[in-house]
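A.B. asks: My questions will all concern the structure given below.
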Amino acid sequence: MKVLLLLPLFAVLLVAGCVGQTINANDQIDESQLPLPPPPPTDQGEGGTTEEPPESLPLEATVEMSESGFSPSTLTVAAGTEVHFENVGSSDHWPASAVHPTHTAYPEGGGCIGSAFDACEGIPPGGDWHFVFNEAGTWRYHDHLNPSLTGTVVVE
């Protein structure tokens, strides 16, 4: 009876010993089964490679203003980008740095109230005003004539 109970255990150990293998220092590894590393970039002289350059951020962009707000509401650009604020609405809009009413969030001084990022007047329907963002950071702004309309420019 004891032999019958030990027989399945013996069979399991025998199969496990045949199936399981370990690699020791003397075993050979079949390198054809290993994954290949990516190929190195091809030199094209002057330090160039065949790799595609990263996509750069635009140096000019447009934000549309209307009674429903700014579009896009968040814009990401490179430092030095000129952003055009175009009024596509039916009433005047006045883009200005946050925070209403002081307009001092954008650090470049000037403008009519506290920051250079300030149109200083309402832009009529069909008109536009542009501003060059030289300072890296995340800059909130609003419509001075309707402060609940807000947007953000991220300058990298």
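A.B. asks: Going through segment 93-103 one residue at a time, which ones are surrounded by fewer than 19 Cβ atoms within 10 Å (Cβ to Cβ) and either in contact with a strand residue (DSSP E or B) (Cβ under 7 Å, 6 or more places away or on another chain) or small (Gly, Ala, Ser) (or both)? Explain how you work it out, then say what you get.
C.D. replies: Residues of segment 93-103 that are surrounded by fewer than 19 Cβ atoms within 10 Å (Cβ to Cβ), as a first pass: 99-102.
Passing the criteria: only His100.
A.B. asks: Here are the criteria: (1) within 17 Å of Thr150 (Cα to Cα); (2) surrounded by 13 or more Cβ atoms within 10 Å (Cβ to Cβ); (3) at pLDDT 95 or above. Tell me which single one Thr138 does not satisfy.
C.D. replies: Result: Thr138 fails condition (2) only.
A.B. asks: For segment 58-102, what are the residues that are of a type in the set (A, V, I, L, M, F, W, C), in contact (Cβ under 8 Å) with a residue 40 or more places away in the chain and part of a loop (DSSP other than H, G, I, E, B)? Give the steps one after another, and end with the answer.
C.D. replies: Pass one, segment 58-102, residues of a type in the set (A, V, I, L, M, F, W, C): 59, 61, 63, 65, 70, 75, 77-79, 83, 85, 88, 94, 96, 98-99.
With the extra rule that they be in contact (Cβ under 8 Å) with a residue 40 or more places away in the chain, the set shrinks to 63, 65, 70, 75, 77-79, 83, 85, 94, 96, 98-99.
Across segment 58-102, the qualifying residues are Ala78, Ala79, Trp94, Ala98, Val99.
The values are calculated or read from the model by the stated rules, or taken from the named source; none is laboratory data. Remember, it's a predicted structure, so these values are computed and weren't measured experimentally. Note that each Cβ is placed from the backbone with ideal geometry, even for glycine, and that neighbours are counted across all protein chains shown.
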